[in-house]
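Only the coordinates and a few stated rules stand behind these numbers; no lab work does. Fair warning: this is a prediction, and the values are worked out from it, not measured in the lab. When we count neighbours, we look across all protein chains shown, and the Cβ atoms used for this are built from the backbone with ideal geometry, even at glycine.
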Amino acid sequence: MTIVSTIITNDLTIHAADSVLAMPVVNQSGLMTGFTIMTRKARKIVRVPAFAGAMSFWGLASVGFWSTHNWLRWQMGETRNRTAAEFAAFVAEKLQAEIAKRVPTGQRPLAGIGIHFTAYEDGVPELFLITNFRDTSYTLIDQTKIHVSRETYLKTPGYDGSSASEHNAANYRTHVREFLDESPWNWLIFNNGDPGMFNPVANALIDQIRLSGMRSNLDTGERLKLLKTLATVPIEVVSKVQQSVFRSNRQIVGAPVRWLAVRPVGLYESKTGD
């Protein structure tokens, strides 16, 4: 498992992820007893230039010599003649086929995976959640299908209870744009992998940033730096806590934290090589 964080604002999107690749250790009874860290240099973010987008993933990272990161990169040629929504559905279908082909039947209950796929549709950002996890406990997966859902409208004030399958409609996309444009403090924050560890830290950091803004202490000219801090620091804190006080075979999140920012016109920036 890992932690990925994605922030969407009116002028940029940022993905962040830790760099640990940890494999579950399973005993003879099939029960998971801990994790073995395979590398602390894993890459979990992929650019999707066709849609001024990016993908970050958590969960299943590799099977033998096959890796999720490389496989996602190989799919970039499939963006031609597809909309962002169609590409998300394509990735979900093909990834399910890869898991069925490569993961032994007895190990598939542990083959949970999730992807944040951000894209701009006519200038309006969207986050497609591509996952086989049934909920954020990450204990149960759908072994037969990887699902795709639109997530931005669900996060905005005024959500009307409608199904995510309807949120490609113009009125919902307009609502997302208007919410983000209303204030530079309006942003949409998504995280997955371990919300229980991430959210308390992120919420405390948001409170500090808002308070600092009210006190006129923030450097408002450093918006990218501010949002990068909001995306990466909670992951760094969780990593530090796990490294300091977790049992040695239980750490699943670790620094360094990698990040990638993209603007609606397709300009990318990263200081971590992503």
Dipole check, segment 4-269, charges on Cβ (K,R +1; D,E -1), about Cα centroid: among Ser67, Ile7, Thr232 the Cα furthest to the positive pole belongs to Ser67
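May I ask you to list the trypsin sites (Lys or Arg not before Pro) in segment 158-234 that are in a DSSP loop and have at most 10 other Cβ atoms within 10 Å of their Cβ? Display every interim value, and only then the final one.
Details: sites: Arg173, Arg177, Arg210, Arg215, Arg223, Lys225, Lys228; in loops: Arg215.
Hits after loop and neighbour filter: Arg215.
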Rg/Rg_ref, segment 165-221, where Rg_ref = 2.2 N^0.38 Å and atoms are Cα:
1.47
Yeah, segment 164-264 with a ≥ b ≥ c from its alpha-carbon gyration tensor (a/c under 1.5 is rounded, else prolate when a/b outruns b/c, oblate otherwise) is oblate
Please name whichever of Phe179, Leu211, Thr144 sits farthest to the positive end of the charge dipole of the chain, dipole taken about the Cα centre and charges placed at Cβ: Lys and Arg +1, Asp and Glu -1.
Thr144
Could you tell me the relative contact order of the chain? Use alpha-carbon pairs under 8 Å, at least six residues apart, and round to a whole percent.
29
Starting from the Cα of Lys225, draw a straight line to each of the lysines and keep only those under 30 Å, dropping any in the same chain fewer than 8 residues away.
Lys41, Lys44, Lys155, Lys240, Lys271
Stretch Thr139-Ala170 to full length: gain in nm at 0.36 nm per residue minus the Cα-Cα span?
7.6 nm
With θ set to phi - 60° and the Karplus curve 6.51 cos²θ - 1.76 cosθ + 1.60, what are the ³J(HN,Hα) couplings of segment 45-58 in order, to the nearest whole Hz, using x for Gly and Pro?
10, 10, 6, 10, x, 4, 10, 6, x, 7, 10, 10, 9, 9
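Across segment 52-153, how large is the tail of the calculated P(r) beyond 19 Å, expressed as a percent of all Cα pairs?
Numbers: 2052 of 5151 pairs.
For segment 52-153, the fraction of Cα-Cα distances above 19 Å is 40 percent.
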Please list the non-local residues whose amide H lies under 5 Å from the amide H of Leu60, H modeled 1.01 Å from N, same-chain partners needing a gap of 5 or more.
Gly112, Ile113, Gly114
Value of D in µm² per second that Stokes-Einstein yields for the chain, Kirkwood Rh from Cα pairs, at 25 °C (0.890 mPa s):
127
Per-residue HN-Hα couplings for segment 163-174, Karplus 6.51 cos²θ - 1.76 cosθ + 1.60 at θ = phi - 60°, whole Hz, x for Gly and Pro?
6, 4, 5, 8, 7, 7, 5, 4, 5, 6, 5, 5
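If you wrap segment 89-241's Cα atoms in a convex hull and average its projection over all directions, what's the area in nm²? Please list the in-between numbers first.
On the way: hull surface 45.3 nm².
Approximately 11.3 nm², given one-decimal rounding.
Relative to the Cα centre, what is the charge dipole magnitude of the chain, using +1 at the beta carbon of each Lys and Arg, -1 at the beta carbon of each Asp and Glu, and rounding to the nearest 20 debye?
Numbers: 29 positive and 24 negative charges, 215 e Å.
My answer is approximately 1040 debye.
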